[in-house]
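Working notes, beginning with the structure itself.
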Amino acid sequence: MARIIDGKQTAATVTDTVAEAAATLEREAGVKPGLAVVIVGNDPASHAYVNAKSRMAKQCGFNSMQYSLAEETTQDELESLVAKLNADPAVHGILVQLPLPRHLDSEPVIQSIRPEKDVDGLNVVNAGKVASGDLASGLVSCTPAGAMILVRNIHGSDLSGLNAVVIGRSNLFGKPMALLLLAGNATVTMAHSRTKDLAAICRQADILVAAVGRPFMVRQDWVKPGATIIDVGINRIDAPEKGEGKTRLVGDVAFDECAEVAGAITPVPGGVGPMTIAMLMANTVVAAYRSVGRPIPSF
Ligand code: GUN
C-alpha cells in the first residue's frame, strides 16, 4: 500500500513560513504584503477557489483585496483594473482567476500583469525564466511549484536517473511542471491527448503526474510498482451514495486501485490543491520582499 502524501500538512508548513516572513517584513520594513485577486462572472467553483485564496491571504497576515467583477465586464474594464493594480505600490501580487467568461480574451490580460506582480507565473517573462532554467529570479507557477515540493519530499531535490511522465501540456500546469522536473535532472516525457499508447508510457514512470481533467483516467495497470503519483485533477462527479443530487471531488487517478501498487500517491482532495494556495502565498511574500530589495525567504 502506497504512502499517502499529505498535501494539507505540507501546505500548512509553507503557510506558517509565509506568515512568519510577512510579519518580519511588516515589523522591519513597514510593508504588509498585498495580494489582489480578480474574478469575473458567477462560476461557483471559481468563486470557491478565490474565496479560499483570499481567506488564506488574510490568515498569512496579508492585505487581501478581492475584486469580484460582473459577468458583463468588458475587456477594457478588466485591463484598466489590472493597470491600476500594476501601478499601486500596496499591491505586490495580482491574480486574475481563470477561466474568464467566454467574451473575454485572457491572454492580453495575463500578459499585461507586471512580471514582478505576476504571482501566477503566467506572464511570458516568468514562464520564459522557468523554460531557460532560471528558477530563482522570477515567479514560478503555483501548482507546479507546489507539486515539486511534494516530489522533493519523497525523492529529494536531485531526480537524476528517474523517469517522470507528465500527462497534460497546459501553460498553467503541464509545461512548467515538465520543466521543473527537468531542472531537477529527471528524464521527462510530456504526454497528452494525442499520445499513442499512453498506458505503456506511464508504466515507465518513476514519477507520474496527471493533469488532464478526466476522472479516474489513470488505472492500476498504468502504474510502475513503487512509483510516485501526483494527481493534479480536480473533477466533480455525481455521488448518489451521499444522497440525491450530491457530488464529490475526485482526481484523474483511480486512487484506490493505484494506491495498491504505487510507492506514494496524492489524494484528491487534500493533495496538490492545498499546495497551490500555499505557493500563491509564498509567491506574494517573495514579491513583497523583492519590492523593498530584501533577500527572499526560501520554501
Ligand atoms: N484557475 C484554476 N487554477 C488557476 C490558477 O492557478 N490560477 C488562475 N489564475 N486561475 C486558475
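For the options Ala19, Ala205, Ala45, a Gaussian network treatment of the chain with springs between C-alpha atoms closer than 10 Å singles out Ala45 as fluctuating the most.
Computed across the range 127-183, the Kirkwood radius stands at 11.6 Å (inverse of mean 1/r, all Cα pairs). Mind scanning Lys129/Lys224; Lys58/Lys117; Lys175/Lys196; Lys58/Lys242 and naming the pairs with a C-alpha gap bigger than 21 Å? In this structure, Lys129/Lys224; Lys58/Lys242 lie more than 21 Å apart at Cα.
List the equivalent ellipsoid semi-axes of the chain in whole Å, largest first, each obtained as the square root of 5λ for an eigenvalue λ of the Cα gyration tensor.
Working: eigenvalues 199, 101, 69 Å².
Here the semi-axes work out to 32, 22, 19 Å.
Only Cα pairs under 8 Å and 6+ residues apart enter the sum, and on that basis the relative contact order of the chain stands at 22 percent.
Peptides 179-185, 225-231: what's the order by average Cβ count within 10 Å, highest mean first?
On the way: 179-185: 20.1, 225-231: 22.0.
Packing proxy ranking, top to bottom: 225-231, 179-185.
Per-residue 3J(HN,Hα) values for the range 114-123, derived from phi via the Karplus relation 6.51 cos²θ - 1.76 cosθ + 1.60 with θ = phi - 60°, read 4, x, 5, 9, 7, 5, 7, x, 9, 4 Hz in sequence order (x marks Gly and Pro). Measuring only protein heavy atoms, the 1.4 Å probe finds Glu116 accessible over about 100 Å².
Nearest 5 is fine: what % of DSSP beta bridges in the chain come out antiparallel, could you say? If you can, show how the numbers build up before the last one.
On the way: 4 of 34 bridges.
In the chain, DSSP labels about 10 percent of beta bridges as antiparallel.
A simple spin-label model places pseudo-atoms 7 Å from Cα toward Cβ; at Gln204 and Asp105 they are separated by 3.9 nm.
Within the shell defined by Cβ-Cβ distances under 14 Å, the residues around Ala127 carry a net charge of -1, with Lys and Arg each +1 and Asp and Glu each -1. For the range 131-175 versus the range 226-246, the spacing of their alpha-carbon centroids is 24 Å.
Sum up the charges of everything whose Cβ sits under 12 Å from the Cβ of Asn153, counting Lys and Arg as +1 and Asp and Glu as -1, but leave Asn153 out.
Values: positive: Arg3, Arg152; negative: Asp6.
Every neighbour counted, the sum reads +1.
Compared with the dominant Cα axis of the chain, that is its longest principal axis, helix 174-183 is turned about 80°. Compared with the alpha-carbon gap, the fully stretched path from Ile4 to Asp88 is longer by 26.0 nm at 0.36 nm per residue.
Roughly how many Å² of Lys117 are accessible to a 1.4 Å probe, to the nearest 10? Only protein atoms counted, so the area is about 20 Å². Applied to the range 253-268, the Karplus parametrisation 6.51 cos²θ - 1.76 cosθ + 1.60 on θ = phi - 60° returns per-residue 3J(HN,Hα) values of 10, 6, 4, 4, 6, 6, 5, 5, 10, 5, x, 8, 8, 8, x, 10 Hz, with x for Gly and Pro. Using a simple spin-label model with pseudo-atoms 7 Å out from Cα toward Cβ, Glu241 and Gln75 lie 4.7 nm apart.
Beta-bridge orientation, the range 200-299: approximately 35 percent antiparallel, per DSSP, counting only bridges with both partners inside.
Leaving ligands and nucleic acids out of the surface, order Tyr289, Tyr67, Tyr49 by accessible area at 1.4 Å, largest first.
Working: Tyr289 20, Tyr67 60, Tyr49 100 Å².
Most to least solvent-accessible, the answer reads Tyr49, Tyr67, Tyr289.
Hydrodynamic analysis of the range 97-204 uses the Kirkwood radius over alpha carbon pairs. Inserted into Stokes-Einstein at 37 °C and 0.692 mPa s, it gives a translational diffusion coefficient of 220 µm²/s.
Can you check what the Kirkwood hydrodynamic radius comes to for the range 11-156, Cα pairs only, in Å to one decimal? Walk me through the numbers on the way to the answer.
On the way: mean 1/r = 0.0613 Å⁻¹.
Kirkwood hydrodynamic radius for the range 11-156: 16.3 Å.
The calculated 222 nm mean residue ellipticity attributable to helices in the chain amounts to -12500 deg cm²/dmol, summing -39500 (n - 2.57) over DSSP H runs of n ≥ 4 and dividing by all residues. The range 13-83 has equivalent-ellipsoid semi-axes of 28, 15, 7 Å, by the square roots of 5 times the alpha carbon gyration tensor eigenvalues, sorted largest first.
Counting only heavy atoms of the protein chains and using a 1.4 Å probe, Met65 has close to 30 Å² of accessible surface. The Rg/Rh ratio of the range 167-299, with both radii computed over alpha carbons and Rh defined as the Kirkwood radius, is 1.04. Once the other residues with Cβ under 13 Å from the Cβ of His47 are scored (Lys, Arg +1; Asp, Glu -1), what is the net sum? The answer is 0. When all protein chains stay in place and ligands, DNA and RNA are ignored, the 1.4 Å accessible-area order of Val188, Val109, largest first, is Val188, Val109. Over the range 169-299, calculate the relative contact order: mean separation of alpha carbon pairs under 8 Å at least 6 apart, over the residue count, as a percent. With pairs under 8 Å counted, the relative contact order is 19 percent.
The values are calculated or read from the model by the stated rules, or taken from the named source; none is laboratory data. Predicted model only: the values in this text are computed from it and were never measured. Reconstructed Cβ throughout: ideal geometry from the backbone, glycine too, with neighbour counts over all protein chains shown. The accessibility values were calculated without ligands, DNA or RNA, using every heavy atom of the protein model including side chains. Shrake-Rupley method; radii C 1.70, N 1.55, O 1.52, S 1.80 Å.
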